[in-house]
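Chemist: This is the structure I want to talk about, given as structure tokens.
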């Protein structure tokens, strides 16, 4: 495929995202098929001893052993690297596999990590419990305050972890400003881009060294796979891959194929989701039963201007607080008919959770307080249903409380 120079608003090959997701992996396979094959093989044979030796010593070889790589992995990684504008990518068995593998590959005992007070709950657990067990110091900072990142930097700071928008409060981090702090000090910046997707935000363009995703969300898009993706440079990818093959968070060939299929429609799905979510957020803000709506696309969001600078769209997730406390929030969620009461986000179906009820099982009250999760908090992931139907369903549920 002939590549053009990168243009503003286009992907790394100069093509629009709708084209990239369909054609970025054309050169990966020459087997003549239009639909990619599923390579359900744990191991791959060499034609001779010399070829086997070459396969064995080549990092991330796609046809040696599926824990090391697989031809379907290779196709997904090519598409994701193009979408995120990085040199390469690596797939893992889950989003947390991507995050934990990256962190364990890039920091060691005696190092210092800076992270946000608000992260996805399992990421927060890594920062609170796992890394300190291995002698890594962690400082949590308020991500809306760039000076808090600057003040937390120490001589042994090796990595800064950011997530923007943050789950579930939708606080936005100034990724470019954090990267500007880190770059002259040789600090690696890892950005969790799950809540935005590469269609709405490209952290690498803003200075992040590593971009991680839970592919379970927007990238797969149909609530039918668990997977993760790491997008970065060749040098960092090789370091992370060597830890990856030891940890063994492997994406199955079938899930890789489903992920590749989901990526083909990612731009058009996200475009519709963005429009639905913004319209529903504006609708919610006008309802008297709603205490507050948190959505970066709203002018009322305290970081709306920052969100507009670093995002092209604002995503599926709306957070809002119901008047009447925990019990009223339970009644509201139970009265909804269209969204499924289920975890996850970014798929074709709308999903809703009473956030405090969901996180109480895995977080302490203090952790929930630090994460900014009040008892009347709702997280609504908007899907592809017609917006008028979603509004009508929300209205009847509000009237039921």
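The values are calculated or read from the model by the stated rules, or taken from the named source; none is laboratory data. Keep in mind that this is a model prediction, so the values were computed, not measured. All Cβ positions, even for glycine, are placed from backbone atoms using ideal geometry, and neighbour counts span all protein chains on display.
Chemist: Taking region 69-112, which residues are in a loop (DSSP other than H, G, I, E, B), touching a helix residue (DSSP H, G or I) at 6+ places or on another chain (Cβ under 6 Å) and over 30 Å from residue 147 (Cα atoms)? Give the steps one after another, and end with the answer.
Modeler: In the first step, residues of region 69-112 are kept if they are in a loop (DSSP other than H, G, I, E, B); the result is 69-70, 85-87, 93-94, 107-111.
Retained after the next criterion (residues that are touching a helix residue (DSSP H, G or I) at 6+ places or on another chain (Cβ under 6 Å)): 70, 85-87.
Within region 69-112, 70, 87 qualify.
Chemist: Just to check your reading of the model, which residue among 61, 7, 73 is modelled with pLDDT of 95 or more and farther than 30 Å from residue 156 by Cα? Explain how you work it out, then say what you get.
Modeler: Values: 61 fails: modelled with pLDDT of 95 or more; 7 fails: modelled with pLDDT of 95 or more.
Only one candidate passes the filter, namely 73.
Chemist: Here are some residues: 275, 208, 279, 307. Which one is in a loop (DSSP other than H, G, I, E, B) and either out of contact with any strand residue (DSSP E or B) (no Cβ under 8 Å at 6 or more places or on another chain) or not assigned by TED's automatic domain parsing to the domain that holds residue 349 (or both)? Show your work before the answer.
Modeler: On the way: 275 fails: in a loop (DSSP other than H, G, I, E, B); 279 fails: in a loop (DSSP other than H, G, I, E, B); 307 fails: in a loop (DSSP other than H, G, I, E, B).
208 is the lone residue from the list that is in a loop (DSSP other than H, G, I, E, B) and either out of contact with any strand residue (DSSP E or B) (no Cβ under 8 Å at 6 or more places or on another chain) or not assigned by TED's automatic domain parsing to the domain that holds residue 349 (or both).
Chemist: Right, another one. Within the group 177, 115, which residue is under 23 Å from residue 315 (Cα atoms), outside any helix (DSSP H, G or I) and in contact with a helix residue (DSSP H, G or I) (Cβ under 6 Å, 6 or more places away or on another chain)?
Modeler: Details: 177 fails: outside any helix (DSSP H, G or I).
Exactly one of 177, 115 is under 23 Å from residue 315 (Cα atoms), outside any helix (DSSP H, G or I) and in contact with a helix residue (DSSP H, G or I) (Cβ under 6 Å, 6 or more places away or on another chain), namely 115.
Chemist: Would it be correct to say that residue 333 is in a loop (DSSP other than H, G, I, E, B) and surrounded by fewer than 22 Cβ atoms within 10 Å (Cβ to Cβ)? Lay out the reasoning, then the answer.
Modeler: Details: in a loop (DSSP other than H, G, I, E, B): no; surrounded by fewer than 22 Cβ atoms within 10 Å (Cβ to Cβ): yes.
Answer is no for this residue.
Chemist: From the list 259, 251, pick out the single residue that is in contact (Cβ under 8 Å) with a residue 12 or more places away in the chain, outside the structural domain of residue 316 (by TED's automatic domain parsing), in a loop (DSSP other than H, G, I, E, B) and buried (at least 23 other Cβ atoms within 10 Å of the Cβ).
Modeler: Unique residue meeting the criteria: 251.
Chemist: Next up: Being in contact with a helix residue (DSSP H, G or I) (Cβ under 7 Å, 6 or more places away or on another chain) and either surrounded by fewer than 15 Cβ atoms within 10 Å (Cβ to Cβ) or not in a helix (DSSP H, G or I) (or both) is the filter here; which residues of region 349-359 pass it?
Modeler: Passing the criteria: 350, 352, 354.
Chemist: Now, a different point. Does residue 303 satisfy the condition of being closer than 19 Å to residue 173 by Cβ, buried (at least 18 other Cβ atoms within 10 Å of the Cβ), touching a helix residue (DSSP H, G or I) at 6+ places or on another chain (Cβ under 8 Å) and touching a residue at least 60 places away in the same chain (Cβ under 8 Å)? Explain how you work it out, then say what you get.
Modeler: On the way: closer than 19 Å to residue 173 by Cβ: yes; buried (at least 18 other Cβ atoms within 10 Å of the Cβ): yes; touching a helix residue (DSSP H, G or I) at 6+ places or on another chain (Cβ under 8 Å): no; touching a residue at least 60 places away in the same chain (Cβ under 8 Å): yes.
Criteria not met by residue 303.
Chemist: Right, here's the next one. With the requirement that a residue be crowded, with 16+ Cβ neighbours inside 10 Å and in a loop (DSSP other than H, G, I, E, B), what does region 336-347 give you? Write out each step before concluding.
Modeler: We begin by selecting, within region 336-347, every residue crowded, with 16+ Cβ neighbours inside 10 Å; these are 336, 338-340, 344-347.
Correct list: 336, 338, 339, 344, 345, 346, 347.
Chemist: Conditions first: (1) in contact (Cβ under 8 Å) with a residue 24 or more places away in the chain; (2) over 20 Å from the mean Cα position of the chain (by Cα); (3) closer than 22 Å to residue 81 by Cβ. Residue 235 passes all but one, so which condition is the exception?
Modeler: Result: residue 235 passes all but (1).
Chemist: Mind counting the residues in region 211-231 that are on the phi > 0 side of the Ramachandran plot and touching a strand residue (DSSP E or B) at 6+ places or on another chain (Cβ under 6 Å)?
Modeler: Within region 211-231, residues that are on the phi > 0 side of the Ramachandran plot and touching a strand residue (DSSP E or B) at 6+ places or on another chain (Cβ under 6 Å) number 0.
Chemist: Another question, if that's okay. Would you mind telling me which numbered condition in (1) over 20 Å from residue 20 (Cα atoms); (2) part of a loop (DSSP other than H, G, I, E, B) residue 241 fails?
Modeler: Failing condition for residue 241: (2).
Yes or no, residue by residue, for (1) in contact with a strand residue (DSSP E or B) (Cβ under 9 Å, 6 or more places away or on another chain); (2) within 18 Å of residue 258 (Cβ to Cβ):
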| site | (1), (2) |
| --- | --- |
| 35 | no, yes |
| 44 | yes, no |
| 59 | no, no |
| 68 | no, no |
| 71 | no, yes |
| 88 | yes, no |
